[in-house]
Amino acid sequence: MFIEILIVGLSLGAIYALIAIGYSMVYGILKLMNFAHGDTYAFGSFICWMLLTKYDLNPILSIIIAMIVGGVIASIVEILAYRPLRAPEYRNISMISALGVAYIIQNTSENFWSRQVHSFPSIISAPFVSILGIQIPTTQYLTLGIVIVVVGGLNLFLKYHKVGKAILCASQDIPASSLMGIPINRTISIVYLLGGMIGVIGGVLYASSYNVLSISMGFSGTIVAFEASVFGGIGSINGALVGALILGLLHSLVGFYISTAYRDVITFAVLIIVLLVRPKGILGRYVEEKV
Amino acid sequence: MEKNRKIIVFILVVALSFLLPSFVKNYYWLGIFNLILMYSILCLSLNLIFGFTNLLSVGHAAFYGIGAYTTAILLTRYHFPFLPSLLLSGLIALFIGFLLSITTSRVRGDYFTVITIVFGEIFRLIMQNWVKFSGGAVGIVGLPAPQLFSWRIISEKDFYFLGLVLFWFTYLTLSLLVKSKFGRAFIAIREDELAASTMGINVVMYKILSFSIGCFYAGLAGSYYAVYNTAIAPSSFTLDESCLMIIMVVLGGIGNLTATISGVIVMLVATEVFRPLYHYRLLLIGLIMVIVLVRYPYGILGIFNKIASMRKKYSYRKV
């Protein structure tokens, strides 16, 4: 039983990782807590659900369309609501306009798809696979695989591609990298686009492995992304991955062995303890403050 | 001269606020005024924490909830009189705020924000699940009407006066506080924490002080909410509620107490005005937030400043 719970927890953590990575990338470059992230990926997941159930589209095609929609929305939001407030002294204010955007997206998707919980079709036909006598749903393995591919690809992209390098530069110092000729506005739009797209994959995977889809997923997703990135150290992609995996494991282990009612309380308490011991998260870098 | 004029205007405003119920007889509007007063207390105290000391707390609803639960439990189970329970609500919120800020004094910036969010959620979840203590998701119902000496507070109008007294108490004490040595220290920390510490300001102590004082007023507001609503449930103290308070503070103008009240009024009146458009309410509120903030990052205060500077220009031209 323990191994099953472990694998379920890992795959849950992997989904959290996809949601958290987009969030953490935005934080890394702009130091902005993007409250609209959750609602953007929920919107994308609803698009995917609509394409799957109403138009009977091919799952892969509908995921790709949903990803593009999610990414485009995220970057439009950036241009309209965050770009005018990018100056460091407006940092806290841009967070509130992010919250306003979250309200707008949430309300729009509520008007399109209502507040009730919808059932999401499973994308994969074979429900269970048995390895060494352990029964595990196929989606869990698929999720883990997708996360490994996405995170690996993203790391390679950031390390070797020109645009990826530009993103890393901008996350270190925006004025200096704009002096070096990096197009800051375009780079930031790309970060939002990528974050939105990866978030939608996470949302679709979550919805298809638990067969539910609802609007409240958006806000709780923001909180999960926030927790996961803080666990790992905000701003680093691998930190978000580690944080998300720990969070997923904690959720499934505490939920099974201790109590489901107090599951969130216990995870939150662990989060506070981690922050008290390591105020910058598990993989967080300590940067000396310059005067 | 300038100071005298300010004092006269202030006294006039206070007098008007006490006379208001003799003009407004409508209970619906009095109810909205009561909400405005309560949220003003919450947002003024949050502005002390966030606007003056730059500690972004997204868990203010938890302290508001602590106040509400304290009063509810004291009134229904121990039959305490109202005044001591009001004070105790504030003090317990202050104490818990003190404990939270002292344990997290090492944690800075956004990590502090995370801790406040998490604390708020922990509070709500415990209240929801600890049925014996807090009544679970149903909460505590049937609070008796509060009695202050011989004044039985029962009608909408009575609650207006109670709220008004609490509100002016909050407003006055906080305005005095931010103009004192403490307030200057808070502002110094907001502007530059490192510079403040090199100037000899005990950053940790002042942060703890600001946070705990802010929590005290949130506890008072919670106590008022509990007796006004006569029933409380964990669903009133959610993360959304904390976000709403932050929105009101930012929409009014960070670091200005009077502007905070305008933010509260705009948000609550907008909620009421858009009530018929139920399906688009949140959308419209979000649009207002984004448009106002993108155009005027310092909120409604920024709009006023703009008008003031335009008037000044105009009067110069006349001369």
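Bear in mind these aren't lab numbers, they're just calculated from the coordinates by the rules spelled out. Owing to the predicted nature of the structure, the values given are computational and were not obtained by experimental measurement. Don't worry about glycine lacking a Cβ; one is built from the backbone with ideal geometry, like all the others, and counts go over all protein chains shown.
How large is Rg over Rh for region B:24-239, taking Rg from the Cα atoms and Rh as the Kirkwood inverse mean of 1/r across Cα pairs?
Values: Rg = 17.6 Å, Rh = 17.7 Å.
A ratio of 1.00.
Note on chain A: GNM, Cα springs under 10 Å; of A:V77, A:V265, A:V147, the largest mean-square fluctuation is that of A:V265.
What you get for region B:24-239, charging only the Cβ of Lys and Arg (+1) and of Asp and Glu (-1), is a dipole of about 260 debye around the Cα centre. On the basis of the beta-carbon distance and an R0 of 60 Å, B:I11 and A:K162 show a calculated FRET efficiency of 0.35. Computed from the C-alpha gyration tensor, the three semi-axes of the ellipsoid equivalent to region B:155-223 are 32, 12, 7 Å, from longest to shortest.
Taking the beta-carbon count within 10 Å as an exposure proxy, list A:I64, B:I300 from fewest neighbours to most. Can you show the working numbers first?
Details: A:I64 17, B:I300 21.
Neighbour counts put them in this order, fewest first: A:I64, B:I300.
Pairs B:K6/B:K181; B:K25/B:K306; A:K165/A:K280; B:K6/B:K157; A:K280/B:K179; B:K6/B:K306: which are spaced more than 31 Å apart, C-alpha to C-alpha?
On the way: B:K6/B:K181 21 Å; B:K25/B:K306 36 Å; A:K165/A:K280 24 Å; B:K6/B:K157 28 Å; A:K280/B:K179 34 Å; B:K6/B:K306 21 Å.
Flagged as over cut-off: B:K25/B:K306; A:K280/B:K179.
Using a cut-off of 15 Å between beta-carbons, work out the net charge of the residues near B:A68 (Lys and Arg +1, Asp and Glu -1, B:A68 not included). Its environment carries a net charge of +1.
For a footprinting-style exposure proxy, rank B:E2, B:E241 by other Cβ within 10 Å, fewest first. Please list the in-between numbers first.
Working: B:E2 6, B:E241 19.
Ordered from fewest to most neighbouring Cβ atoms within 10 Å, B:E2, B:E241 come out as B:E2, B:E241.
Comparing B:V118, B:L162, B:A195 along the charge dipole axis of region B:24-239, the residue lying farthest to the positive side is B:L162, per the Cβ-charge model. Our summary gives chain A a relative contact order of 37 percent, counting only alpha carbon pairs under 8 angstrom and 6 or more residues apart. Placing +1 on the Cβ of every Lys and Arg and -1 on the Cβ of every Asp and Glu, with no other charges, gives the protein assembly as shown a dipole of roughly 1820 debye about its Cα centre. With respect to chain A, whose longest principal axis is taken over its alpha-carbon atoms, helix A:263-277 is tilted by about 40°. For the protein assembly as shown, the fraction of C-alpha pairs farther apart than 35 angstrom is 42 percent.
Determine, for B:M267, B:M205, the number of other Cβ atoms within 10 Å of each Cβ, and report the residues in order from fewest to most. Kindly include the intermediate steps, with their values, before the conclusion.
Details: B:M267 21, B:M205 12.
Sorted ascending by nearby Cβ count, the order is B:M205, B:M267.
If the chain linking B:S105 and B:L176 were pulled fully straight, counting 0.36 nm for each residue of separation and taking away their Cα-Cα distance, it would gain 23.0 nm. Within region B:89-175, the trypsin sites (Lys or Arg not before Pro) that combine a DSSP coil assignment with at most 16 other C-beta atoms in a 10 angstrom radius are B:R106, B:R108.
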